Structure formats: C-alpha cells, structure tokens
Amino acid sequence: MISIVVGLIALAVALMLSSAIGKAPAGTARMQEIAGYIHEGAMAFLFREYKALSAFVIVVAIVISMFLSPLTAVCFVAGAVFSVCAGYIGMTVATKANVRTAAAAQHGGMPEALKIAFSGGAVMGLGVVGLGIVGVAAAYMLFGNIDIVTGFGLGASSIALFARVGGGIYTKAADVGADLVGKVEEGLPEDDPRNPATIADNVGDNVGDVAGMGADLFESYVGAIISAITLGAVAYPGGEGIMFVFELAFAGIIASLIGVFYARSSKSTNPQAALNHGTYVGGVIVIAAAYYLSTSIFGNTAAFVAIASGLVVGLLIGKITEIYTSADYASVKKIAEQSETGPATTIISGLAVGMYSTFLPMIFICVGVILAFFTMGGAKDAGMGLFGISLAAVGMLSTTGLTVAVDAYGPIADNAGGIAEMSELPPEVREITDTLDSVGNTTAAIGKGFAIGSAALTALALFSAYAHTVGLKAIDLLNPVTLIGLFIGATLPFVFGAMTMESVGKAAYQMIEEVRRQFHEIPGLLEGKAKADYQKCVDISTAAALHEMIMPGVIAIVAPLLVGFLFGTEALGGLIGGSLASGVLVAILMANAGGAWDNAKKFVEASGRKHTPVHDATVVGDTVGDPFKDTSGPAMNILIKLMTIVSLVFAPVLAANGGILLGLFK
C-alpha cells in the first residue's frame, strides 16, 4: 500500500511539472508552428502504433487466458496499458517542452532552458516509476500470486519491444535521409528548414529516444521488481524478501524525486554538473536507505552489499560508456583522425572501438554478480544467492525515475536546437541549445550503457526465476539438446539485429528518394523561396516503422515458446543463456560504436572542418552508427528480457508439456 501511495505521489509530481511546463512561454508564432508539426507527427505515430499493437495484445491475452489463466491475461493487458500510458505521458510533455526550452534559452539563458528541458525529462522518468510501482504492487495486492503478476511484466516487455523497434526505425529512417541528402549531397546545415526530412527527424527524436527509451526502462524496472519478489518469496518464505523489495523500490522513487528537484533548482550554467549533482544525490539516498532496510529487516548488511554492487556497476558501465563515446577521450579522437583517409577507415576504427568497449562492462557485470551472489550466502544456499543477484538489478534500477529524466532531457534539448534553427533565432540561442544538446548526447550514451547493464542483471534475475519455476538445478552443456538451445539463443540477437538494421535501410531508401524528389521538383526549395512537404516525409517514416516492427517482435515471443515446446525446459534454459551472453555483447558494441561515430563527426565539426572530405567521412560513419545506437542496439536489451519473461510466464505449461520432439524419439 505504501508503494502504491509513493507511486501516486510520483505521478502527481509529474502532473505538477507538466502543468508548469505548459504555463511557460512558447515563443514566436513561427516557433509554435514548427513545434506544432513535431507534436502532431509524434502523436499521430503514437496513436497509429498503439492501434496496431491493440490487436496483438488482444490475441496474446486470449492465448494466455487459454493456456494459463484469465487473471494472468488481465495482468498482461494491464502491463501493456501502463506501458502505453508511460509513453503517451512522456511524448506529450516532451513535444511541448522543446519549444519552451528554445524560448527559455532566448529570454532566460542557460539555467532557465536547462530547467524546462530537464523538467520535461523528469515527467517521463516519474511517470515510468510511478506507473511501474503502482501496477506491480496493485497486481500483487489484488491477486497475491506471483505467477499471475508475471503477466504484468510480459505486457510491459511486449509493448517496450515494439516501441523501441518502431521508434528506432522511424527516427533513423528520417535521420539517415536528412543527413545523406541534406548534408552530404546538398551541403545544408543541421535542421535546415529547406530539408524536407527535418521535421520527421525531430519527430523521430521523440518517438525513439523518449517514448521508446521510456518503455525500455519501464519494462526493465517492472521486470527487476517481479524477478526480485519471485526469488525473495523463495529465499524468505515468511514474506520479508517481498517486503524488502517493495520498500527499496519506493525508497528509490523518493530518492529520484529529491534528485529531480535538486537538479531542477540548480542555477549552474554548466548543465552537465547540474545533472550529475542530481544523480549523485539520488544515489547517496538509495545507498543510505538500502543500509537501513538491510539491517532493520534482515539484521545484516548482505542485502545492502548486493544493492550497492548493482548501483556501482551501473555507474561504472556509464563511465566506461562515456570514455568510449565522448569526444573528451582518446577513442573518439582516434576515429576522427582515421577519418582523414576516408569513410572506410572511419568504419573500421569505429567498429574496433565498439568491440573493445564490450570487455570492461562485462567484467563489471561479472564482479557485481559474484558479489551479490556470495554476499547473500549463495555458496550455502543458491536461492539466497539468486535473490542477491535480483537485488543488484533492483539496486541498479532503483533511481530509474532520475535516470530516465536525465536521458529524456537530451531529445528535448535536441528538438529545441532544431526549432531555434528553423525559426532563425539569434546565434546565441542556438549556442545555448547546442550546449544542452551536446550534454544530452553524453547523457544518452551513458543512459544506453545503464540500460544495457540493467538489462543483463534483470534478464539474469528473470532467468533464475524461470529455473526455479521449472525445477532446473543445473544446465548440462554436454547435453546435445541444451547445446541446440544455446546455439539458437546465441544466434537470435544477430538475426534480430540484421532485421532491424535492414528495416532502417529500407525505410531510409524511401526517405532519400523523397527528399531528392522534393529538391528536384519543388522550384525554389533549395533557395529558401518555397516550402518543403514535411508531412510526406513524416508519413514515410510512420508507415515504414509500423510495417517493419512486427516481425522482430514476433520472433522474440515465438522463439522461446517453440524451443521450449519442441526440446523442453533445459533446452530453453540454454536458449536464454545463449541469447543473454551474445545479446549483451552485441548491444554494447552497437551502442558504443554508434555513439563514437556520432561524436567523432561532432568533434570534426567543432574543429572548423565542416564540408571537407574528413567531415564527409565522419558523416558516413555517423549514418552507419545511427541504426547501431538508436535502433538495433537498444532493442537488443528488450529482446533478451522479453524472451526470458515469456519463458517465465509460460514456465508451468512448458514444464508440463515441453519436449514434444524429444518425446517422439523416445
């Protein structure tokens, strides 16, 4: 009940911040016109996406009702609806905060612009954790059965995958079309109003990096709590484990609220410092709360160490991500240097950076898992150790409200810069929005690293819950059936990545052809004497995203069920393990290579070498990296979690009826 109350408080604060943003000045008529295009395009995509997904939700709910229980189906629908609400809240406010951030930059300077942009991100963050904790806690209060509550996590994960894939395809189709034709072929600057794809590009920032990212961390947050209460019920049959998880979750929300107001009230002209201070304040509060709860509920500090290990691993992965993707460090500068010999060496060096960047995050995740497992007594009681791993995941995600706020701030700042450019505001306004956007690129890269780390720990905790449910004590890698699952699982992230990359390519091809057509067929467009047909480009991105998002999502749900029913629960355990190992590596590689290529381009631009062969090479690298970091890489996190939670939800049916093909041989 307390968790529900705290969740409702978070939603009330989000509503208050949204109201304050709505009352802020929205700038000139031209600024409001451009912002209107972006808002209408974003909301139109969201409604069409949710309309398409409603049929999917109904079909899956019927299947769950037939094979499991109607109550699990109700929880599934609730999880999907709550995820949709989180995306809608974040998108609505982000597309109102962008123009107000630009107006604040013109009249109030850096502190006021940062306040508006960060407040917009905070609405998304608080909406995610508020809806997440209210949904899980209410489902547990109503049904009292964790097996039923897992349906809520499946609903959240299903919507998240489609939101990430659909949003990623949308935004990168527009981005690639705008860059290759507008920048490389015609030499237009970023966000030039003459570029027909520029509105679709700004819409894409919202559907991909606000709604998609919010849905991603919503399902991570929900999945971590569900796996922790599942394993906590086993480790502590008296209920202390479940109580601890919910109390830690609402302590994290309170810490996020304090961190949000701390960062929002900052008068600093350094946006990175203001955001960092808010994050640190939230982290310290969670550490203190974890210590108090661990000692008061369990009488020791074991749970505190497990939680702290998750938090520290998240921070370290974020820092490593920054080192490999920020222009302040050697990796990005090396890519810029390699670009002097053309796009081929740009691609080679960027891939190398992405590959190198996988090593340390995996080491940190391994150390965090070992600490959490053995500190909680895993050497003597595996159930306690697995509960420790789930607590590490909850610890890493405890300040999700703050993490999402910092991450969602980036697209708002980016949109503000675009509106400033298209509205021809004074150069000093664009200078402020560019500074905010530059910090947003770093926070987005750190956010992606955080999402990958949390996905690994959450999927591992869900895997542990699945193993407990089907009675798997160990997985025999010498068993050929297990190896079949392992190899299929390791292959799926590559197939999934190829499909999403190809989808971006198809959509971008249509966008490039349309932008070229408008430049050639609309007289005076390049001279600024005619208006581009922005709506046509928005329609292309929308239709392509909705069409191409279906098959990757179906694979993520069907593959684990197929392997489980054909080869049994142990083979499915192998599939989960294989997809987890390869999926995390592919996600890190793609996210960091894409981020490094992007910032290498910005590094070259900042050095005054725009429209040179070196700059053209980095633009090509950035174009390749766009679907890496904003479509395929982020969606990989949801893939591994969705396959795991599908396995967990259907575990009772698979345990009773799995291994049909093996039965034929016997």
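Only the coordinates and a few stated rules stand behind these numbers; no lab work does. A quick note: this is a predicted structure, and the numbers were derived from the prediction, not measured. Glycine gets a Cβ as well: all are built from the backbone with ideal geometry, and neighbour counts include every protein chain shown.
The value obtained for the chain, namely the Cα convex hull volume divided by the number of residues, is 134 Å³ per residue. As a proxy for reagent exposure, ranking CYS75, CYS366, CYS537 by other Cβ atoms within 10 Å from fewest up yields CYS366, CYS537, CYS75. Relative contact order, whole percent, for the chain stands at 21, derived from Cα pairs under 8 Å and 6 or more residues apart.
Cα centroid separation, segment 292-331 to segment 432-511: 20 Å. Between the residues ALA215, VAL176, PHE373, the greatest Cα displacement towards the positive end of the dipole of the chain, with unit charges on the Cβ of Lys, Arg, Asp and Glu, is found for PHE373. On the principal axes of its alpha-carbon atoms, segment 492-577 has extents of 66, 18, 14 Å, going from largest to smallest. Since only VAL312, ASN300, ALA532 are under comparison, the one whose Cα sits farthest along the positive direction of the charge dipole of the chain, derived from C-beta charges on Lys, Arg, Asp and Glu, is ASN300.
Taking a Cβ cut-off of under 12 Å around ILE335, the surrounding Lys, Arg, Asp and Glu residues balance to a net charge of 0, with basic ones at +1 and acidic ones at -1. Adding -39500 (n - 2.57) for every DSSP H run of four residues or longer, then dividing by how many residues the chain holds, sets the calculated 222 nm ellipticity at -29000 deg cm²/dmol.
Once both labels are positioned 7 Å from their Cα atoms along Cα-to-Cβ, the gap between ALA44 and SER607 label points is 4.2 nm. Peptide packing for 86-97, 400-411, 143-154 was compared via the average number of neighbouring C-beta atoms within 10 Å per residue; ordered from the highest value, the list is 400-411, 86-97, 143-154.
Here's the picture: a label point sits 7 Å out from the Cα of THR345 along the beta-carbon direction, and within segment 316-339 the residues with their amide nitrogen under 11 Å of it are 335-339.
Protection proxy ranking, highest mean first, for peptides 553-562, 455-464: 455-464, 553-562, where packing is the per-residue count of other beta-carbon atoms within 10 Å, averaged. Computed with the Debye formula from one identical point scatterer per Cα of segment 1-48, without solvent, the log10 of I(q)/I(0) at q = 0.22, 0.26, 0.27 Å⁻¹ comes to -0.86, -0.92, -0.93.
Dipole magnitude for segment 519-666: computed about the Cα centre from +1 point charges on Lys and Arg Cβ and -1 point charges on Asp and Glu Cβ, it is near 240 debye. Principal-axis analysis of the Cα atoms of the chain puts helix 382-397 at an angle of about 20° to the longest axis. Residue by residue, segment 467-474 carries 3J(HN,Hα) couplings of 4, 5, 5, 8, x, 7, 8, 7 Hz when phi is fed to the Karplus relation 6.51 cos²θ - 1.76 cosθ + 1.60 (θ = phi - 60°); x denotes Gly or Pro.
When the listed pairs LYS319/LYS601; LYS51/LYS531; LYS529/LYS629; LYS334/LYS610 are checked against a 24 Å cut-off, the alpha-carbon distance exceeds it for LYS51/LYS531; LYS529/LYS629. To the nearest ten degrees, helix 240-264 and the longest principal axis of the Cα atoms of the chain are 20 degrees apart. To the nearest 10 degrees, how steeply does helix 146-177 sit against the main Cα axis of the chain, on a 0 to 90 scale? For helix 146-177, the angle is close to 20 degrees.
Each of LEU483, LEU11, LEU257 was scored by other Cβ atoms within 10 Å of its Cβ. Listed from fewest to most, they are LEU483, LEU11, LEU257.
With a Förster radius of 51 Å applied to the C-beta separation of LYS531 and ALA498, the computed FRET efficiency comes to 0.85.
The length gained by stretching the chain between LYS23 and ASP476 to full extension, at 0.36 nm per residue less their Cα-Cα distance, is 156.9 nm. The residue among VAL57, ALA20, VAL84 whose Cα reaches farthest toward the positive pole of the charge dipole of segment 15-99, with charges on the beta-carbon of Lys, Arg, Asp and Glu, is ALA20. For segment 81-89, backbone phi angles converted through the Karplus equation (6.51, -1.76, 1.60; θ = phi - 60°) give residue-by-residue couplings of 5, 5, 5, 4, 4, 4, x, 5, 4 Hz, Gly and Pro being listed as x. With viscosity 1.002 mPa s and temperature 20 °C, the Kirkwood radius over alpha carbon pairs of segment 1-135 converts through Stokes-Einstein to a diffusion coefficient of 129 µm²/s.
If you take the Cα centroid of segment 551-598 and the Cα centroid of segment 47-119, the two points sit 25 Å apart. With the simple spin-label model, which puts each label point 7 Å out from Cα in the Cβ direction, the ILE2 to GLU513 separation comes to 6.1 nm. Listing LYS473, LYS601 from fewest to most neighbouring C-beta atoms within 10 Å gives LYS473, LYS601.
A simple spin-label model places the labels of ALA352 and LEU483 3.6 nm from each other, with each point 7 Å out along Cα-to-Cβ.
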